[in-house]
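Here's the structure, in C-alpha cells; my notes come after.
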Amino acid sequence: MGVWLAAFFILPMLGMSVLSLRPDLHGGLFRAGWLPTLDHYRAILTGGIYLPLLWLSIRVAASVALVATLLAYPLAYYLAFHAGKRATLLLTLAILPFWTSYLLRIIAWKTILGSNGLVNNLLIYTGLVAEPVRILLYSRLAVTVTLVYLWLPFVALPIYATMLRINPALLEAAAILGAGPWRAFFRVTLPLSLPGVIAGFFMVFIPTVGEYITPLLVGGSRGSLYGNLIELYFGDGANWPLGSAMSIVMLFGVLVLALIAARLVDFKRLLQ
C-alpha cells in the first residue's frame, strides 16, 4: 500500500512542487542547472485573476455542496426511516447513474439545457417564454445544476449510513416523553445525523473546487473556474511551472479544508 501511495501520490506531488519552482521549461522537462524561483507563486498572489477565480470556484463549490446536501437529506431520511423493504431497490436506483460514464452524464445535461433541449422546449410549450432561454447553458447556473446532479448520490450515501446507526429506541423515548415528530426530528435525528451531513458536504465541496470538465462542457467562457485555468496552462498555454504553482496553491487550500472536515467528522466511524 505504501509503495502505491508513494508511486501515484507522493512522487507526482513532489514532481509538481519542483516543477512549480522552475522559471520556465526551456531546455526540456528534465533539464538540469536551473535556479529555483518563487515568481509563479508571487504572480498568483499578486495577480488580479488567480485568487479571485479561486475564490469564485470555492463559492461555486460551496453552493453545489449546499444545494446537494439540502436535496440529499430528505432522500436519505426517507430511505432510512420510511422506505422499509424498498430501501435497497431505491438506493440502487439512486446510484444507477454511476453505471454510466461521468462524461456522458455531463453531455446529457448539455443537451437538456441547450436551446433545443428539454427544459427550453417545456418552457416554450407552457408559454412561460417565447424563445429559448440562453442562460440555461454556457453559464455558471448550468455548471451548478449539472454538478448538483452529478454529486447528489455522494451526499446521500454518508447521510443514509449515519441515519441507519440511529437507535430507534431514542425516537421511541422522545415520543413517550411527549415530543412530536418535528421536535423529535430536530432534537434527535438531525443532531445525530450531522456527521453524515458534514461528511457528504465536504465529499462534494473538496473535489468540486478543482472541477474543470463540467465548466468546460456546459459552462463555456462564462462558466470557467480555477481548474479550467490550470488546464489551460498545462495545455495550449504551455506554461507548466505556472500551472503547477496554481495546483499547489489550490491543493494547499483543499488540504486545509480537508483537515477541518477531519476534525469535524470521524470518517473511520462512518465507514464501520
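Quick notes on this structure:
- The length gained on full extension between Leu90 and Phe234, counted as 0.36 nm times the residue separation minus their Cα-Cα distance, comes to 47.7 nm.
- With 0.36 nm allotted per residue and the present C-alpha distance subtracted, the Arg134-Ile107 stretch has 8.0 nm of extension available.
- 5 Å binning of all Cα-Cα separations within the stretch 1-111, expressed as whole percents from 0 upward: 2, 8, 8, 10, 12, 13, 13, 12, 8, 6, 4, 3, 1, 0
- Rounded tilt (10° steps) of 190-209 against the dominant C-alpha axis of the chain: 30
- The value for the chain of Rg(Cα) / (2.2 N^0.38 Å) is 1.22.
- Taking the convex hull of the alpha carbon positions in the stretch 178-272 and averaging its projected area over all directions gives 9.2 nm².
- What the Kirkwood sum gives for the stretch 119-222 is a hydrodynamic radius of 16.9 Å, with every pair of different alpha carbons counted.
Quick note: the coordinates plus some simple rules give every number you see, no bench work behind them. Bear in mind the structure is a predicted one, so any value in this text is a computation, not a measurement.
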